[in-house]
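A quick write-up on the structure given underneath.
The numbers here are math on the coordinates, done by the rules we state, and not lab data. Please read all numbers here as calculations on a predicted model, not as lab measurements. So basically every Cβ, Gly included, is an ideal-geometry build from the backbone, and we count neighbours across all protein chains shown.
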Amino acid sequence: MGSAAELAAAVLMMLGYPCLMLAALVPSIPAFAAAAAVTYLSDHYLHRRGSYLVSRLSKVRAGLSIRFLIRQLLLILLLARLSLADNLIYYGAIACFIAFYGLQAPHGALTTLIRNRRRMPVATRNIDLASRIRIPDAPPRVLLHRAAEKMLHLDLAAVAGILVGAALESAAVGYTGIGITVGLGLAYVLALVPFVRSGRIPPNAERVLGAVDDWLREYRPETVLYFSGSRDSAYQVNMWLETMEQLDTRPLVVLRERAILQNLAPTTVPVICVPGGVHLMNLDLSTVRVALYAANVGKNIHLLRVPTMKHVFIGHGDSDKLASVNPYSKVYDEVWTAGRAGRDRYAIADVGVRDDDIVEVGRPQLAPIETWKGVPGDRMPTVLYAPTWEGWDDNPGNTSILLAGENIVRKLVEAAPAVRVLYKPHPFTGTRSAQAKAAHQRITALIEKSAAERAADPRFTADAQAGAKAELARIEARLAELAGGTDRGDEAETSRDGVTDVARHEETARLRAEWNTAYWRSFPDWEHRVITGAEPRLYDCFNVSDAMVSDISSVVSDFIASGKPYAVTDSAELGAEEFKRQNTAVRAAVILSNGAAELGGLLDAVRDPAADALADDRGELKRYLLGPDEPKSIDQFNTAVAQLALKAETRNLGQESRITAGGPDVELADAVPVPRTSTAGEADGVDAG
């Protein structure tokens with residue numbers, strides 16, 4: 001439903017219209033003006049916030065145009081009730097609003113036509129299209145951003161002018177407002193006209209696709225990371241970008257949804273977003289030998305059909321959830337898992353994935369996680385509580401937040417000797433379940449209250465953080481400057497100019513590391529924190545923590561890489577032994593009941609290494625889940641890519657030999673994407689068709 005402020009604005013706006021009607025019937029010009037101001041301001045606020053409630057209003061026949069039309073009709077009613085029906089201002093108002101709505105049609109048609117004609121069949125990042133085809137600049141943002149809202153709000157001058165004119169009995173004032181509204185509306189329409197000319201739009205689809213194929217033939221990509229999914233799933237591909245940058249082969253990222261491209265993390269790897277299945281199947285990917293898939297989705301079939309490359313499922317996490325043994329995985333040539341545990345999961349699940357097709361490659365993403373060295377004697381231990389979200393059903397085993405969260409946090413903040421608590425919930429927490437959202441809010445309040453009490457306690461002395469806060473502000477300002485410099489226009493312009501500045505990219509990465517250091521130094525090391533934003537990242541929280549409490553998810557498997565003590569909540573109350581039997585990742589964990597009575601065992605292990613009875617078990621489990629520390633995971637990953645590429649090349653050479661030797665009547669061209677004839681080398685003139 002959006003925030004409380006958005007809900008209040010929507011309520012005010014909807015109540016404003018009955019007030020407008022009442023003011024028109026009374027009649028009262030001041031009351032009408034006040035109610036109109038409320039509806040204008042609340043409407044603008046909801047649009048500026050991008051509120052979900054705006055689209056909901058459209059679903060109940062209270063869309064943007066209807067709201068403006070009703071207000072204008074009520075203004076006409078007000079004039080009639082003021083006995084101005086025979087006054088020229090009355091007819092002027094009617095003519096104004098008819099003319100104003102007459103301008104809506106060409107305005108809407110032009111904005112739609114411009115957006116559609118500037119939409120690329122293939123959007124790119126880090127690919128030089130500018131040297132191959134001419135892509136003109138996007139229209140000024142002021143013309144197309146929230147265009148319908150801007151156009152409709154131009155009636156404000158006419159409404160204000162008519163109200164003031166009626167109050168002062170001055171037709172001239174009313175006609176001035178009418179003239180401003182009609183004039184601005186006409187000017188807006190005329191300002192859009194130049195951008196539908198052939199010279200102001202990108203080339204047609206054939207030329208764009210030809211330019212991309214030209215680039216592909218020059219770049220000759222060898223390893224592709226392929227991804228399709230919803231806007232919220234962008235993290236699943238983002239987690240692999242750094243690994244792609246470290247490949248020994250030439251990498252390429254292929255996306256299927258524009259929403260994913262918009263949410264893609266910064267990277268130096270070339271990216272192609274191909275929404276159309278036909279366009280994808282016609283791209284020249286003949287040099288690709290290995291395709292990596294981070295999710296099991298239906299659109300994977302558009303690339304899986306290509307036999308000249310080997311296809312690998314790499315997933316987007318390593319846990320005991322059912323998604324880790326999806327039967328869909330049978331379609332791939334290989335399935336890569338972090339360690340032996342992934343191989344055993346498939347064997348136990350018996351979903352048709354052969355053991356010979358499973359390769360253990362470690363998890364390259366875990367390289368930033370630091371190994372635990374114990375708690376220094378001069379520092380308070382830090383415990384991270386990182387529960388997962390409530391999931392799509394009401395299974396009590398999904399998350400600890402509902403039944404155990406408050407118990408866990410209360411015992412941590414009241415622990416003696418004291419510990420610091422970091423609370424970083426899953427970003428989806430509370431999105432489906434109102435109960436989970438309420439529990440999250442209670443946990444947040446509990447931590448904030450304890451932090452305030454600790455800050456007022458003389459036993460906790462404030463550290464000097466002024467320097468760190470100043471450094472944090474400096475870094476944030478520079479990061480904002482770097483991010484602002486990369487802000488581009490529409491999809492076409494971004495594709496043209498979307499080549500990453502390597503120096504800027506490296507500076508951003510360095511500053512983010514400095515930001516993380518400054519962030520943790522900017523407050524005392526005994527201060528509890530609630531961390532709900534993207535920064536600091538989960539792995540950064542791992543590195544400053546000495547222990548973690550979590551739920552069954554890939555978070556637990558990742559944390560095991562640190563070697564630190566951890567606890568997992570048996571929210572479904574299966575019992576410790578059954579819980580361990582069903583979930584490999586908890587075999588070296590302190591198992592918590594919903595009452596969290598066992599939490600003392602975790603705190604003892606953090607404070608005293610001699611009391612850490614599960615240390616050896618964690619080391620063994622780490623190797624089982626994530627593979628050996630040596631060779632490094634990225635080296636294992638690169639080796640697996642090279643070996644599979646060799647298999648693909650061997651297969652392709654075998655096919656060519658069969659055809660050369662006069663084998664079965666099979667054309668190799670039928671098995672690979674057919675490059676189109678490029679037109680990118682033609683004259684710089686643009687075919688606007």
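Details
- Take the Cβ atoms of residue 367 and residue 262, set R0 to 22 Å, and the FRET efficiency comes out at 0.20.
- Placing R0 at 25 angstrom, the Cβ-Cβ distance between residue 282 and residue 250 gives a FRET efficiency of 0.75 after rounding to 0.05.
- Scoring 543-552, 416-425 by mean Cβ neighbours within 10 Å over their residues and listing the highest first yields 543-552, 416-425.
- 222 nm mean residue ellipticity, helices alone, for the chain (DSSP H n ≥ 4; -39,500 (n - 2.57); rounded to 500): -15500 deg cm²/dmol
- Rounded to the nearest whole Hz, the Karplus-based 3J(HN,Hα) values (6.51 cos²θ - 1.76 cosθ + 1.60, θ = phi - 60°) of segment 417-426 follow the sequence x, 6, 10, 9, 10, 10, 10, 10, x, 4, with x at glycine and proline.
- Euclidean distance between Cα centres, segment 133-158 to segment 250-282, Å: 28 Å
- In this Cβ point-charge picture (+1 for Lys and Arg, -1 for Asp and Glu), segment 464-522 has a dipole of about 420 debye about its Cα centre.
- Acute angle (nearest 10 degrees) that the helix 615-626 long axis makes with the longest principal axis of the chain, alpha-carbon atoms: 60 degrees
- Built amide H within the under 5 Å cut-off of residue 358, gap 5+: 335
- Summary value for segment 460-610: 19 percent relative contact order, contacts being C-alpha pairs under 8 angstrom separated by 6+ residues.
- HN-Hα J in Hz across segment 470-481 - Karplus 6.51, -1.76, 1.60, θ = phi - 60°, x for Gly and Pro: 5, 5, 4, 5, 5, 5, 4, 5, 5, 5, 5, 5
- Between the residues 271, 517, 171, the greatest Cα displacement towards the positive end of the dipole of the chain, with unit charges on the Cβ of Lys, Arg, Asp and Glu, is found for 171.
- For segment 49-156: span of alpha carbons on each principal axis (Å, largest first): 67, 30, 18
- Inter-probe distance in nm under a simple model that places probes 7 Å from Cα toward Cβ, at residue 477 and residue 55: 3.8 nm
- Nearest-ten-degree value, helix 29-48 long axis tilted from longest Cα axis of the chain: 30 degrees
- Based on alpha-carbon atoms, the Kirkwood radius and the radius of gyration of segment 464-522 give Rg/Rh equal to 1.14.
- Farthest toward the positive end of the dipole of segment 58-151, out of 58, 116, 131, is the Cα of 131, where the dipole comes from beta carbon charges about the Cα centre.
- Inter-label distance, nm, simple model (7 Å from Cα along the C-beta direction), residue 98/residue 355: 8.4 nm
- Residue-by-residue Karplus 3J(HN,Hα) for segment 576-583, coefficients 6.51, -1.76, 1.60, Hz, glycine and proline x: 4, 5, 5, 4, 5, 5, 7, 10
- Dipole moment magnitude, nearest 20 debye, segment 341-489 about Cα centre, only Lys, Arg, Asp, Glu C-beta charged: 540 debye
- Over all directions, the projected convex hull of the C-alpha atoms in the chain averages 37.7 nm² in area.
- Lysines with Cα under 16 Å of residue 564, excluding same-chain neighbours fewer than 8 positions away: 373, 622
- The chain: angle of helix 4-25 to the longest principal axis, Cα-based, in degrees nearest 10: 20 degrees
- Projecting the Cα atoms of 468, 480, 500 onto the dipole axis of segment 464-522, where Lys and Arg carry +1 and Asp and Glu carry -1 at the beta carbon, places 468 farthest toward the positive end.
- The label-point distance for residue 130 and residue 28, in a model that sets each label 7 Å from Cα toward Cβ, rounds to 6.0 nm.
- Computed about the Cα centre, the dipole magnitude for the chain is approximately 1960 debye when only Lys and Arg (+1) and Asp and Glu (-1) carry charge, each at its Cβ.
- At full extension, residue 512 and residue 3 could sit 180.3 nm farther apart than now, given 0.36 nm per residue minus the alpha carbon distance.
- Take every Cα pair under 8 Å whose residues are at least 6 apart in sequence, average their separation, divide by the length of the chain, and the relative contact order is 16 percent.
- Rg over Rh for segment 1-100 works out to 1.03, both radii taken from alpha-carbon positions and Rh defined as the Kirkwood radius.
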